[in-house]
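Single-structure report; data block below.
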Amino acid sequence: MSSTVSGELHIAMLTYPEAQGLDTIGPLEVFALTNQQLMDDGIRGRPAYRISIIAPQAGPVRFSSGIQVLADYAYRDAPDDIHTLFVSGGMGDCMDRIRSDRGLVEWVRQSAKRVQRLASVCNGALLLGESELLNHQQATTHWDDVSELKQKYPSVQVVADAIYIRTGNIWTSAGITAGMDLALAMVSVDFGKALALKVAKRMVLFMKRSGGQKQFSQFLNDQLRSDRFAALIDWLQQNYQHNITVAMMAGRVNMSERNFARRFRDECAVTPSRFVENLRIEAAKGLLENTTQPLETIAKLCGFGQESTLLRAFVRRLKVKPGEYRQRFSSVA
């Protein structure tokens, strides 16, 4: 697809009862606002994207929030001119129910042969997995559904920490708002980065988020798992760049070192020292991706002290050297 799209591209979202509303609406709003931006800039006199919603049945579809939308088509009656087909995600039993609809699964499989782009939002990747469209391909999903994607569809090469992944004409995204990141990336392909950046600013979104979903999932998981240590974790997230000992952490929660280390590990599924190292690694990843600062400076800013300590931590935990990580993921020209 070039940056001079002249026709109208049909963007369709497959949704279903009890799906996540933002999974469905969020990406579509990106394309809708792109239509408006193109006309405001005088680039086009009519919409570039035609947007529709597909569901098991045409008509009202109630999301998990209780909000309803009207599906334009039942999937069996969907037109053949779809350019980009999205699959929405959903929590609870709704994904199990939708994957048990063999007619729908087969329709998705056959649609993949016709559309130019196929995409999933959040755990919509599970439906693509059920349709055997992710076999032997890299894909991602919401961090809370990574294990299920791996276990039920073992041939899928799951990349747990990605915001979104593009493999050929199949795009998969992480949780909920990551579908909007993916949609912005598609707009960038269709009309160029400058236009996508305008849309991102208008929606108050990052054009490219630093790091991956792990920076959100692990720390949120730790905080949700432990009411006892929530205040300490908040403090650690603000002070990881300093020299922090187990004794210091234990003192902040009025516990002995031994008891604190045991309780923290039980409740947060990681030792206190490893938790601090996780924070430092995530901070270093962000600086490697978004700055040109020397490794020695990054090591000091993130609490590693010396470049050699930063190097050992990256190789041990990420199986890659900091310099190599920067080469792969830097967003700085």
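The values are calculated or read from the model by the stated rules, or taken from the named source; none is laboratory data. The shown structure was predicted, so the numbers you read here are calculated from the model rather than taken from an experiment. Using ideal geometry, Cβ is built from the backbone for each residue, glycine included, and neighbour counts are taken over all protein chains shown.
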Next item on the list: Go through the residues of region 275-297 one by one and say whether even a single one is modelled with pLDDT of 95 or more and of a type in the set (D, E, K, R).
Entry: yes
Note to self: Quick check on my filter: what residues within region 233-256 are free of Cβ contacts under 8 Å to residues at least 60 places away in the same chain, in a loop (DSSP other than H, G, I, E, B) and under 12 Å from VAL276 (Cα atoms)?
What the structure shows: ILE244, THR245
Next item on the list: Tell me which of these CYS94 doesn't satisfy, since it passes every other one: (1) touching a residue at least 24 places away in the same chain (Cβ under 8 Å); (2) closer than 30 Å to SER188 by Cα.
Entry: (2)
Check: Just one of SER173, SER155, SER120, SER111 is in contact (Cβ under 8 Å) with a residue 12 or more places away in the chain, in the same structural domain as PHE31 (by TED's automatic domain parsing), more than 28 Å from LYS201 (Cβ to Cβ) and surrounded by 19 or more Cβ atoms within 10 Å (Cβ to Cβ); which is it?
Finding: SER111
Next item on the list: Determine, yes or no, whether ARG97 is of a type in the set (Lys, Arg) and outside any strand (DSSP E or B).
Entry: yes
Check: What number of residues in region 168-187 are at pLDDT below 90 and polar (S, T, N, Q)?
Finding: 1
Next item on the list: Might you check whether a residue that is in a helix (DSSP H, G or I) and at pLDDT 90 or above occurs anywhere in region 206-225?
Entry: no
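One line per residue, one yes/no per condition, for (1) in contact with a helix residue (DSSP H, G or I) (Cβ under 8 Å, 6 or more places away or on another chain); (2) closer than 22 Å to LEU28 by Cβ; (3) β-branched (Val, Ile, Thr):
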{"residue": "GLU106", "(1), (2), (3)": "no, no, no"}
{"residue": "SER173", "(1), (2), (3)": "yes, yes, no"}
{"residue": "LEU182", "(1), (2), (3)": "yes, yes, no"}
{"residue": "VAL187", "(1), (2), (3)": "yes, yes, yes"}
Item checked: Output for region 1-23, where each listed residue is modelled with pLDDT under 95, of a type in the set (Val, Ile, Thr) and either crowded, with 20+ Cβ neighbours inside 10 Å or within 17 Å of VAL61 (Cβ to Cβ) (or both) -> none
Next item on the list: Inspect region 45-55 for any residue being under 14 Å from ALA12 (Cα atoms), part of a loop (DSSP other than H, G, I, E, B) and of a type outside the set (Val, Ile, Thr) and give the result as yes or no.
Entry: yes
